[in-house]
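This report concerns only the one structure given below.
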Amino acid sequence: MGNKKNIDINEFIEKRSDICWYVKDRKKLSEDAIVEAVLNYGDWDDVKKIIEILGMKKTASIFEKTASKKRCNYNKKTKNYFKLYFQRHAR
């Protein structure tokens, strides 16, 4: 079951190569990197798809883990929006 989700998330990011244009081999991206890229650069349909693949709680958990680091790659507005979004929808 866990492998299926990893395959799905990697297939998803391969199809949406414009989200991770800066990566040569998207197959090697971690779930953390994919979630970060989708929340930063994807559209709302991409966000809904990533939540469908990983689940709301796991997506929120990955976001919270990466957004709480001293150095993170989230845009300020994106970080604020998804902090509020996940507080409301993932609890």
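The long axis of helix 56-67 is offset from the longest Cα principal axis of the chain by roughly 80 degrees.
Projecting the Cα atoms of 59, 20, 41 onto the charge dipole of the chain (Cβ charges, centred on the Cα centre) puts 59 farthest toward the positive pole. Rounded, prolate or oblate, given the Cα gyration tensor of segment 1-72, with a/c below 1.5 counting as rounded? It is rounded, given that a/c, with a ≥ b ≥ c, falls under 1.5. In the chain, which longest range has no chymotrypsin sites (Phe, Trp or Tyr not before Pro) that are both DSSP loop (not H, G, I, E or B) and surrounded by at most 13 other Cβ atoms within 10 Å? Result, exposed sites excluded: 23-91. Placing unit charges on the Cβ atoms only, positive for Lys and Arg and negative for Asp and Glu, gives the chain a dipole magnitude near 500 debye about its Cα centre.
Computed over neighbours whose Cβ is under 12 Å from that of residue 90, the net charge equals +4, Lys and Arg +1, Asp and Glu -1.
No lab work stands behind these numbers, since they all come straight from the coordinates. This one's a predicted model, so the numbers in the text were calculated from it and none came from an experiment. Using ideal geometry, Cβ is built from the backbone for each residue, glycine included, and neighbour counts are taken over all protein chains shown.
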